[in-house]
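Visitor: Dumping the structure here so I can ask a few things about it.
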Amino acid sequence: MGAPPARLPDCPGGPGLLTSTAAARIACDADVNRVVLDEDSIPIEYGRTKRLFTSSQRRALALRDGGCRFPDCSRPPAFTDAHHVVAWLNGGLTNLANGCLLCRYHHRQVHEGGWRIEQLDPLKGAGAQLVFHGPDNQRLTSDPRGP
């Protein structure tokens, strides 16, 4: 079922809880590095760091997607986050084929609301039609809205 929520003792109003899905959502927009240590705590490997989309990539996603890619959402690019379709922590690349724009609400739905995204064209990735699968067996499609 997953790990129990972490207790955050210094939250206003008492201890707060941080679920593993909330931590994954927060990490989606964080710069995370993996460091492998040997038995003497000496770093022997420093993992990849290019997690966040660059401003040039964001502009390209804005042109291609035209705003939030969730079906029937009309939020413009300025109100969206660049999202890795295949999570960076799972080996997903920070590139246009693996990125799409999601507004904050739909970004949270993908991370914590039971929605997942499927790429239909492995060569074009997120540049082609995406299928959003919902927690109640919904299946919604989305095409890029850009020129």
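Read the figures in this text as sums done on the coordinates, not as results from a lab. Here the structure is a predicted model, which means the values were calculated and not measured. As a convention, Cβ positions derive from the backbone with ideal geometry for all residues, glycine included, and neighbour counts pool all protein chains shown.
Visitor: Can you run the Rg to Rh ratio on the stretch 38-147? Use alpha carbon positions and the Kirkwood inverse-distance Rh.
Guide: Details: Rg = 15.5 Å, Rh = 14.6 Å.
Taking Rh as the inverse mean 1/r over Cα pairs, Rg/Rh reads 1.06.
Visitor: What are the ³J(HN,Hα) couplings of the stretch 78-85, residue after residue, when phi is run through the Karplus curve with 6.51, -1.76, 1.60 and θ = phi - 60°? Round to Hz, x for glycine and proline.
Guide: 5, 10, 10, 10, 7, 10, 7, 5
Visitor: So, R0 is 22 Å and r is the distance between the beta-carbons of E112 and F79; what FRET efficiency does that work out to, to 0.05?
Guide: For E112 and F79, the calculated efficiency is 0.70.
Visitor: What distance in nm lies between label points placed 7 Å from Cα along the C-beta direction at A87 and Q138?
Guide: If labels sit at A87 and Q138, their model points lie 2.1 nm apart.
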